[in-house]
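All of the numbers you see were taken from the coordinates with simple rules; none came from a lab. No experiment lies behind these values; they were computed from the predicted model shown. So basically every Cβ, Gly included, is an ideal-geometry build from the backbone, and we count neighbours across all protein chains shown.
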Ligand SMILES: C[S@@+](CC[C@H](N)C(=O)[O-])C[C@H]1O[C@@H](n2cnc3c(N)ncnc32)[C@H](O)[C@@H]1O
């Protein structure tokens, strides 16, 4: 994609996510997601980077001692996230930025978290590869991501619906998340897959 087209596409995506901020904020209590988020985010430690934080759906599950840096490109999402951080007393700094253009010095964070965000990036693989550099040796990368299904019929249906779902929600439903994480070189320590292989909880560490 040319740089100009990329910028136009990003502006469209930001508008799509800005419009969803209120709905995301009102749907924090989904029981299934709550279980998964508690299980994954409870492992966070130290200085934490959260990519594409949305409205801060993970905030209730962070241990109290963490220091959070959270980024997102949607101003409306970040406004809700700031309010949630105050409510849950999270020691936090927010960055309004495209994740695909973020940069940090090597070994900046003990934990990097991403939930439901690798479906949206135009080029997800380089973002995954950068996580190894930003994470400290011995640190952890905690992911909860969705993509295509291991059920062939469902995967076919997701492929057919993907153009429509992307226009409405700004996320792809056809990505091979485990394949991308393996290709990125991250060390996968543990995976749990749910919902016909569409949702993955991944405990990883930086590439050795
Ligand atoms: C499906 S929501 C998930 C939000 C949150 N992580 C959660 O678990 O509820 C996707 C989020 O990614 C953000 N996002 C998508 N692409 C992005 C990008 N390239 N740069 C920054 N934020 C992005 C959207 O603004 C939105 O807040």
### Message
Quick check for you: which residues of the range 190-208 have the amide N under 16 Å from the point 7 Å beyond the Cα of residue 32 toward its beta carbon?
### Response
192-201
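Is the range 95-204 best put as rounded, prolate or oblate by its Cα gyration tensor, with a ≥ b ≥ c the root eigenvalues, rounded for a/c under 1.5, and otherwise prolate when a/b is larger than b/c, oblate when not? Before the final figure, lay out each step's value.
Details: a/c = 2.62, a/b = 1.53, b/c = 1.71.
Verdict is oblate for the range 95-204.
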### Query
Given R₀ = 30 Å, FRET efficiency for residue 88-residue 129 by Cβ-Cβ distance, to 0.05?
0.45
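Based on Cα coordinates alone, diagonalise the gyration tensor for the range 61-122, multiply each eigenvalue by 5, take square roots, and list the semi-axes in whole Å, largest first. Could the numbers behind the result be given before it?
Numbers: eigenvalues 73, 52, 24 Å².
So the three semi-axes of the range 61-122 are 19, 16, 11 Å.
Would the range 19-59 count as rounded, prolate or oblate if I go by the C-alpha gyration tensor, calling it rounded below 1.5 in a/c and otherwise prolate when a/b exceeds b/c, oblate otherwise?
Values: a/c = 3.43, a/b = 1.36, b/c = 2.52.
Oblate, since a/c reaches 1.5 and b/c is not below a/b.
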### Highest to lowest packing among 191-201, 23-33, 106-116, scored as the average C-beta count within 10 Å
106-116, 191-201, 23-33
## Note on the structure
The simple spin-label model distance between residue 196 and residue 47, using points 7 Å out along Cα→Cβ, in nm, is 4.3
### At q = 0.11 Å⁻¹, base-10 log of I(q)/I(0) for the range 1-79 (Debye sum, equal scatterers on each alpha carbon)
-0.36
#### Entry: Label zone at residue 10 (point 7 Å along Cα-to-Cβ), backbone N below 16 Å, the range 104-119
104
### Query
Which FRET efficiency value, to the nearest 0.05, do you get for residue 65 and residue 151 by plugging their Cβ-Cβ distance into 1/(1 + (r/R0)^6) with R0 = 35 Å?
0.30
### Task
Counting only DSSP beta bridges with both residues in the range 3-205, tell me the antiparallel percent, nearest 5.
40
### Message
Just to be sure I understand the curve: with the Debye formula and one point per C-alpha of the range 52-155, what is log10 I(q)/I(0) at q = 0.17 Å⁻¹?
### Response
-0.84
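If you stretched the chain out fully between residue 161 and residue 3, how much longer would it get, using 0.36 nm times the residue separation minus the C-alpha to C-alpha distance?
Numbers: separation 158, 0.36 × 158 = 56.88 nm, distance 2.70 nm.
54.2 nm is the gain from fully extending residue 161 to residue 3.
For the chain, what is the mean residue ellipticity at 222 nm derived from helices alone (per DSSP H run of n ≥ 4: -39500 (n - 2.57); sum divided by total residues; nearest 500 deg cm²/dmol)? Before the final figure, lay out each step's value.
On the way: 6 runs with 85 residues, N = 208.
That calculation yields -13000 deg cm²/dmol at 222 nm.
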### Task
Normalise the Debye intensity by I(0) for the range 3-205, one equal point scatterer per Cα, no solvent, then take log10 at q = 0.12, 0.19 Å⁻¹ and round to two decimals.
-0.58, -1.61
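Nearest 0.05, what FRET efficiency do residue 168 and residue 95 give at R0 = 35 Å with Cβ-Cβ as r? Could you put the intermediate results ahead of the total?
Working: r = 27 Å, r/R0 = 0.76.
Here the calculated transfer efficiency is 0.85.
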